């Protein structure tokens, strides 16, 4: 929806949609949007338990991560609404689905082409401990299946390995716990850097804000079609 609108046209549409959203919700949306980032993105590879994948989405929303890439070579992603608590409504989900080949390679190579460093979370001995891992460049954090972790292909394509230090007998965390701990650490580091280094661009903000308002306002898509008719624009 809204494929051909200019920046100014989207601003006008936002002003129109604001009329159908409470002031409290408008302020909340503005605050959340100001803390959203695409400097970090999350990649989930073949996560087969809906409650775990949904918990990761919830953590991404809580820590301000906008984009989540879901690789579905073997397991189709399904949302558990009791766990996600509506988080997917506020995120941009990129699904690399079943029926296609080389989804992991395609996803990670595309991210690298877009300037992301590929960071594989792993237990390999040459991994960088999370407290020492720096976030001075755009980074895609990759998390694998609950039992096996990331695939060999994901490891081969990674630029760097990252590990959460552990001192107990059990040398692994549940994926949702691992993602939450990692995002907490890295977003804290990110927020010590100048805001402009990690915040959304003005174009990204208006694009996301428009989508959020459509999803927030009652009958948002109906309102958009009505606005298009008022402006004599072709309805997409």
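One table, with the values for the structure above:
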read-out	value
Residues that are assigned to a helix (DSSP H, G or I) and either loosely packed, with under 11 Cβ neighbours inside 10 Å or in contact with a strand residue (DSSP E or B) (Cβ under 6 Å, 6 or more places away or on another chain) (or both), drawn from the range 196-215	196, 198, 202, 203
Number of the condition not met by residue 123 [criteria: (1) touching a strand residue (DSSP E or B) at 6+ places or on another chain (Cβ under 8 Å); (2) modelled with pLDDT of 95 or more]	(2)
Test: residue in the range 148-164 that is on the phi > 0 side of the Ramachandran plot, buried (at least 16 other Cβ atoms within 10 Å of the Cβ) and either touching a residue at least 12 places away in the same chain (Cβ under 8 Å) or not in a loop (DSSP other than H, G, I, E, B) (or both)	yes
When residues of the range 77-120 are limited to those that are within 15 Å of residue 53 (Cα to Cα) and assigned to a helix (DSSP H, G or I), the one modelled with the highest pLDDT	89
Residue check for residue 218: in a helix (DSSP H, G or I) and touching a residue at least 24 places away in the same chain (Cβ under 8 Å)	no
Residue tally, condition assigned to a helix (DSSP H, G or I), at pLDDT 95 or above and in contact with a helix residue (DSSP H, G or I) (Cβ under 7 Å, 6 or more places away or on another chain), over the range 11-51	10
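The values are calculated or read from the model by the stated rules, or taken from the named source; none is laboratory data. Bear in mind that the values here come from a model prediction, so they are computed numbers and not experimental data. Cβ sites come from the backbone with ideal geometry, for glycine too, and all protein chains shown count toward neighbours.
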